[in-house]
1. Using all C-alpha to C-alpha distances in the chain, build P(r) with 10 Å bins and read off the rounded percent in each one.
2. With a cut-off of 12 Å, note down the residues of the range 94-113 whose backbone N falls inside the zone around a label point 7 Å from the Cα of His137 toward its beta carbon.
3. Quick one: among Asp51, Asp397, Asp28, which has the greatest mean-square fluctuation in a GNM of the chain with alpha-carbon springs under 10 angstrom?
4. Name the GluC sites (Glu not before Pro) in the range 1-95 that are in a loop by DSSP and that have at most 16 other C-beta atoms within 10 Å, would you?
5. On a full-extension model of 0.36 nm per residue, what is the gain between Tyr360 and Thr82, subtracting their alpha-carbon distance, rounded to one decimal in nm?
6. With contacts defined as alpha carbon pairs under 8 Å and 6 or more residues apart, what's the relative contact order of the chain in percent?
7. Can you compute the helix-only [θ] at 222 nm over the chain? Use -39500 (n - 2.57) per DSSP H run of at least 4 residues, normalise by all residues, nearest 500 deg cm²/dmol.
8. Calculate the FRET efficiency for Glu288 and Ala116 from the Cβ-Cβ distance with a Förster distance of 45 Å, rounded to the nearest 0.05.
Amino acid sequence: MAATEVLDPYEIAKGLVKDAVENLGLDDSVYELLKNPQKFVEVSIPVEMDDGSVQSFIGYRSFHNNALGPTKGGIRFHPDVTPEEVKALSVWMTIKSSLLGLPYGGGKGGVLCNPADLSPRELEALSRGYIRAMAPHMGPYKDVPAPDVNTNPQVMAWMFDEYSSIVGENTFGLLTGKPLILGGSKGRVEATGRGTVVTIKQAANHLDMNLAETTTVVQGFGNVGSVAARLMHDAGSKVIAVMEVDGGVYNPEGLDIPKMLEYKVEHGSVAGYPDGEPISNDELLTLECDILIPAALENQITSRNAHDIKAKIVAEAANGPTTPEADRIMTERGILVIPDILANAGGVTVSYFEWVQNLYGYYWTEEEVNSKLEQMMRQAFDWVYNMHTERGMKMRDVAYMVAISRLAEAMKVRGWLPAQRSTYRRS
Ligand code: GLU
């Protein structure tokens, strides 16, 4: 790894924003407004454990920017959560929502815990405690959470219930990713993985690649990775390796993904799946393949392994899996890197559909959700791809420029930028 490589996700996120502000020739004040979250809240959440003891968990929420609408973004439960990570993820939500043209700002939450060590009752108490502590800062027009790493529709249901009892009414638009029975949207669970595959299909079209003749590697087999693997498999690509925290499986002849999904339901993980050989994380990332989908955590592709990545397309289903240095190396090597803020934007896009359905109280069919999602993802991909080829800039740089020019415009007309205040004239 290069000695100077920046790995702190918040420094990375700020650097990307700064570059885009400079590339667009915007005033420094745009960066000044975007470099820090507007608000960052840390809470302590006491939980009575099953053994009768009380344990305090630390929870964060970063409200990065609400120029375009209520802050929006998931809540992550993970033992490695840090304030810097949560801030970075909230910046990426601001950029992602703006890129997709959604009426949202960006936010993100995190709780320092290992959900695998908690009983269902403890997990419920923690989820309710988090939302109780954050309730004054949240609301359908203020801040709208959603699932992220290790949180799911059940966690959202507890949080929705807790908030609704605090404010005294069912508040379906408070958060997204809820179970269907509580105002969730059809297609939401699959949305992130589905959106990733839409961007891959668009990329393949532009590159004249026939997906039926490709091989795919997926790092992560959670909600996002498993859906992406299944949809790539359905599209005819040979998925040759998948990986989870506790182990990976490789089969050069192609893995039977529907069977692996059943195996996972039965065993809790794909590690140990018999129809393939075990593979390490490092080996998996550098396998000979056409499409690589990192769908796990940050900093997986760095200057340490970027030279060895063999894929032609890297679709970032995770947030922040590639460092800027690795992005530069891969792009120079002719690899098309579909940046996270585009490749995984399907989740927040269907969250937006869910919120709209909640506010209207009128629900859409799965076909409506999927076709609208596909249309929005294809359009966003094409904008970014066309600008990338026309200007010879990295996909990520172009995506940040599109997002930040929208944000800057909103901040300008809101009167947040000094130039606007001095040039305002009544017409
Ligand atoms: N956690 C997802 C993300 O990182 C979804 C956020 C949302 O739906 O608000 O994009």
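1. Bin by bin from 0 Å, the calculated values are 5, 22, 32, 27, 11, 2, 0, 0.
2. Residues 107-111 fall inside that zone.
3. Checking each option, the largest mean-square fluctuation is seen for Asp51.
4. Working: sites: Glu5, Glu11, Glu22, Glu32, Glu42, Glu48, Glu84, Glu85; in loops: Glu5.
Loop-located and lightly packed - Glu5.
5. On the way: separation 278, 0.36 × 278 = 100.08 nm, distance 3.64 nm.
My answer for the length gained is 96.4 nm.
6. Details: 877 pairs, mean separation 69.3, N = 427.
Computed over the chain, the figure is 16 percent.
7. On the way: 15 runs with 195 residues, N = 427.
Using -39500 (n - 2.57) per qualifying helix, the result is -14500 deg cm²/dmol.
8. On the way: r = 33 Å, r/R0 = 0.74.
Here the calculated transfer efficiency is 0.85.
Read-outs throughout are calculated quantities, based only on the coordinates presented, and are distinct from any laboratory measurement. Please read all numbers here as calculations on a predicted model, not as lab measurements. Here the Cβ is made from the backbone with ideal geometry for all residues, glycine too, and neighbour counts use every protein chain on show.
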